[in-house]
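Any read-out appearing in this document is the output of simple, stated calculations on the displayed coordinates, not a laboratory observation. What you see is a predicted model, and the numbers here were worked out from it, not measured in a lab. Counting neighbours? That spans all protein chains shown, and the Cβs are built from the backbone with ideal geometry, glycine included.
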Amino acid sequence: MNTPLIIITVFLFISIALGLLAKRGKDMSMEQWAIGGRGFGGMFVFLLLAGETYSVFTLLGTSGLAFNNGAAAFYLLAFTALGTITSYWILPPIWKYAKENNVVSQSQFFSKKYKSTGLGVFVAIVGVVALIPYITILFKSMGILVEATSYGAIPSHVAIWVGMVALLVYVMVSGIHGSAWTSTVKDFLIFFVILFLGIYLPIHYYGSPTGLFEAVSKIKPHALTLPHKGLSVSWFVSTVAISAFAYFMWPHNAPTIYASKNAKAFRLNAVLLPIYALMVLFVYFVGFTAMVQLPGLKNGDFALLEISMKTFDPWFVGIIGATGLLATLVPGSMMLMSAATMITTNIIEPLKPNVSDKNKALSAKIFVVLLSVLCSFFSMSESNTLATLYLTSFSLITQMAPSLYLSLRKNNGITKYGSGAGMFVGVAIVIYVTFTKTTMAMLFPSLPSVIQDLNIGIIALATNIIIMFTVSFFTKNTQAGEKHNENTQSNMAS
Amino acid sequence: MPNISTMFTILFFEGMGKMKLYYLLAVLPFIAILGGAAFVNKVEPYVLGIPFFLFWIILWAVLCSVIMFIIYRLDPLNKEDEV
């Protein structure tokens, strides 16, 4: 074992210990395990929301995107700044409804709000499917991380299996309390590491960030702006717009939102999170440094690690690796827990209402194991870059946004049929496009590139919204009729 | 048929009456980043040593926080202890 691996292993044990400590003295009911008994203060909510955003993807995927595509990577900073300010208006009503109706998962939010078991089942499935590419990113990153920091001694598929087991142990022992505690350690580490790398590397190699940008424009004159075709301005605008629109739609954001003690925390977070997003800036600096320094590197996802190994002593590479590990465990555990909660509340409960709480918890955990194994296999066979997988996940969760936002209004004109049909078509388009690798250019070969470069998620979202309104319009009376029947029945019963 | 665009309009304007006007400040970053991208997609001039396109995004990320701070302070909602 070399120095970096020893450091990474030590941090792994520290985080499992933290998980065990965090749960001491608390009875682990579903409500405690998943949403911390709705007792988290503003600081924890901030750390968890930030912690879910700044995962290992921020380190490896973002620097990789800057390395491969230059200015296209700036979309992350742009949509995070815009997306986080929506917290001020969107999260308080979501939180309030969840609190008043004992909602513990995103799919349950839909099933209660739209009074539809079927919609709950559907949202649970979409949520889990959307998490698969993201969890795959985490495992892939873990493989890249350990393979690189062990200087090739441990191949990535071994690292993925070991990492998966570590994540599972971590999820089983800790729950959201453990994630919150580990999140504090992780955020401190990631903040320090990113800041240090982003400031040190440009100064070390070029004297200043300006020197770095001048060096970049010398070898790749167009890397610092968006190109005319492909990842162009219309790609940028459409991607930033839909990503900001759906910023808080991640199923693993839902438990954090419900875990809050009050609504004020979300309004304060809207002030703090945009400026916190500037951290990504320093990851760009790392990616650009690697662009100039490592011209032979094929896979951009290795950029941050390769440049670090070229520049620093093994012990510091170990610290970077440990940061990456924690940045996998925290969001990874939040994702697996939210997937398990959705499956339990919206698939197992409605289908088998007589199951005991103990068996429910057990089946949720079995499901978590199966999901992890599946994602591990994907992460070994999947050849897409981290950034591509991330965009796929995001396109999927975006489909939930329209009917969730409209359901927050007093008089929601959207029916459960409209919501379900819209989402179904939106998700179908995203999945079709992902598997067939369809692009807008293939669909509309004769249109100008302004249209061809649009993020295809826009088409899915627009179709979703149109179908949602149309179906709602035609089913309004059906649903009203059902309500009327319910009322008459309950009147008769009383 | 009271068509879909009517439905949109109703959904949109129904809430406008009660809305606080300073909330509209939050629209500025969206206009600047989404609407401005086509005009600021250039390297020169460097501002504080940073190419202009990146500088523009950084500037608006900071302004997002500033604007939200102003809204946070103006909004009576945040003066209450609970809720």
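By its C-alpha gyration tensor, with a ≥ b ≥ c as the square roots of the eigenvalues, how is chain A shaped: rounded for a/c under 1.5, else prolate for a/b larger than b/c, else oblate? Oblate. Counting only lysines at least 8 places from A:LYS358 when in the same chain, those with an alpha carbon closer than 21 Å to its own are A:LYS23, A:LYS26. Helix A:457-493 and the longest principal axis of the C-alpha atoms of chain A enclose an angle of approximately 30°. Shielding of peptide B:50-60 by partners, expressed as the average count of other chain Cβ atoms within 10 Å per residue Cβ, is 6. Seen against the Cα atoms of chain A and their longest principal axis, helix A:87-100 is set at about 40 degrees.
Residue by residue, segment B:47-59 carries 3J(HN,Hα) couplings of 10, 6, x, 10, x, 4, 4, 5, 4, 4, 5, 4, 3 Hz when phi is fed to the Karplus relation 6.51 cos²θ - 1.76 cosθ + 1.60 (θ = phi - 60°); x denotes Gly or Pro.
For a modelled paramagnetic label at A:THR117, 7 Å from Cα along Cα-to-Cβ, the residues of segment A:329-370 in reach, with backbone nitrogen under 16 Å, are A:343-356. My understanding is that a pair violates if its Cα-Cα distance is over 26 Å; which of A:LYS140/A:LYS229; A:LYS113/A:LYS476; A:LYS264/B:LYS20 do that in this structure? Among A:LYS140/A:LYS229; A:LYS113/A:LYS476; A:LYS264/B:LYS20, the Cα-Cα distance tops 26 Å for A:LYS140/A:LYS229. When the pairs A:LYS96/A:LYS360; A:LYS220/B:LYS42; A:LYS115/A:LYS410; A:LYS96/A:LYS352; A:LYS220/A:LYS437; A:LYS218/A:LYS298 are compared against a 22 Å limit on Cα-Cα distance, A:LYS96/A:LYS360; A:LYS96/A:LYS352; A:LYS220/A:LYS437 fall above it.
Quick one: if the Förster radius is 41 Å, what FRET efficiency do A:SER208 and A:TYR151 give, using the C-beta to C-beta distance and rounding to 0.05? The pair A:SER208/A:TYR151 has a calculated efficiency of 0.85. Annotation for segment A:113-161 versus segment A:46-104: alpha-carbon center distance of 17 Å. Helix-only arithmetic for chain A: the sum of -39500 (n - 2.57) across DSSP H runs with n ≥ 4, divided by the residue total, places the mean residue ellipticity at 222 nm at -25000 deg cm²/dmol. How far, in degrees from 0 to 90, does helix A:279-293 lean away from the longest principal axis of the Cα atoms of chain A, to the nearest 10? Compared with the principal axis, the helix lies near 40 degrees. Each part gets one Cα centre, and for segment A:359-381 versus segment A:252-266 those centres are 26 Å apart.
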